[in-house]
Amino acid sequence: MAQLATQAPTVSAPRSPRSGRRTTRTNYELYGWVFMRASGVLLLVLIFGHLFMNLIDGDGINAIDFGFVAGKWASPLWQVWDLLMLWLAMIHGTNGVRTIINDYAERTGTRVVLKSALYLSFVVVVVLGTLVIFTFDPCPAGAPADLLPSFCTA
Amino acid sequence: MPDAPAGTLYRGREGMWSWVAHRVTGFLIFFFLLVHVLDTSLVRVSPEAYNAVIGTYKNPVMGLGEAGLVAAIVFHAFNGIRVMLVDFWSKGPRYQRVMLWVVVGLFVVTMAGFLPRHLMNVFGGH
């Protein structure tokens, strides 16, 4: 403490330009922050509806099989519902895990490896899920009729 | 000289623990989501492949896991609304503690509605 009184630290004059690293100059973190909140509200509705249809309505989990999925995706409503849920949840979750990696992975190399794996899984899962929703065949040829939805034999 | 903080900047109580719970539940839900898209994708392989894998979701151990998953989703959803109220409602920061107890209350009510129904489906013998 005594030293501080004799030797004042050098500080730059007020309002002089910041030295060293510059700020990022983009607003991407702000857009991400807004997206987490906007998608969060939509996901609450989409996922609660999904859980009600699949776990509460009818026989719940016991009713789920190929015929159940085929029956739901026969309706454009559930196709759009599931597609929106897939994209919003994957972006929301990927951005959340990105934040966690930034918080806890202190070495640059660790962050690069973890985030590369994260973004790779994002692309694989979103592309796969989207293709499945759009190329789904409810009545595949050669499948036993008792596993298919009733409209296949009609 | 003021006393140094006791080894941490975390302040504990409702604010910190709700943040921890939000982070942990979000992380768990994300990894279930990855698995869930992969298992659903089996509808594109064959009805038999999909039914075999979804059949494993119907055994009692997985049934309890689903109850835990739903609990994580319900907390994350309600606490997410609380986070938005703290951000956008002028009185949000003042009521953040009360709002956490509202979240806990809504969580209990929602789970009280969901659990009996789901556990009867899982253990009810089909």
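Remarks
- The stretch A:49-68 residues that are within 9 Å of chain B (Cβ to nearest Cβ), paired with ones that are of a type in the set (D, E, K, R) and open to solvent by 20 Å² or more (accessible area, probe 1.4 Å) (beta carbon under 7 Å, 6 or more apart): A:I56/B:R117; A:G60/B:R117; A:I61/B:K58; A:N62/B:K58
- Identity of the residue in the stretch B:111-126, open to solvent by 60 Å² or more (accessible area, probe 1.4 Å) and not in a helix (DSSP H, G or I), that ends up farthest from the other protein chains (Cβ to nearest Cβ): B:G125
- Condition check for B:I54: in contact with an Asp or Glu (Cβ under 8 Å, 6 or more places away or on another chain), open to solvent by less than 40 Å² (accessible area, probe 1.4 Å) and touching a residue at least 12 places away in the same chain (Cβ under 8 Å): yes
- Residue tally, condition assigned to a helix (DSSP H, G or I), within 13 Å of chain A (Cβ to nearest Cβ) and over 11 Å from the mean Cα position of the chain (by Cα), over the stretch B:67-110: 11
- The single residue among B:V98, B:V70, B:V74, B:V103 that is open to solvent by 30 Å² or more (accessible area, probe 1.4 Å) and modelled with pLDDT of 95 or more turns out to be B:V98.
- Considering the conditions (1) closer than 17 Å to A:I47 by Cβ; (2) acidic (D, E); (3) open to solvent by 30 Å² or more (accessible area, probe 1.4 Å), B:E48 is excluded by exactly one of them, (1).
- Test: residue in the stretch B:10-18 that is open to solvent by less than 60 Å² (accessible area, probe 1.4 Å), under 15 Å from the mean Cα position of the chain (by Cα) and more than 7 Å from chain A (Cβ to nearest Cβ): yes
- Among (1) at the interface with another protein chain (Cβ under 8 Å from one of its Cβ atoms); (2) on the phi > 0 side of the Ramachandran plot - the single one A:R15 does not satisfy: (1)
The values are calculated or read from the model by the stated rules, or taken from the named source; none is laboratory data. Here the structure is a predicted model, which means the values were calculated and not measured. Quick reminder, even Gly has a Cβ in these numbers, built from the backbone with ideal geometry, and neighbours come from all protein chains shown. In case anyone asks, the SASA skips ligands and DNA or RNA and just uses the protein heavy atoms, side chains included. Shrake-Rupley method; radii C 1.70, N 1.55, O 1.52, S 1.80 Å.
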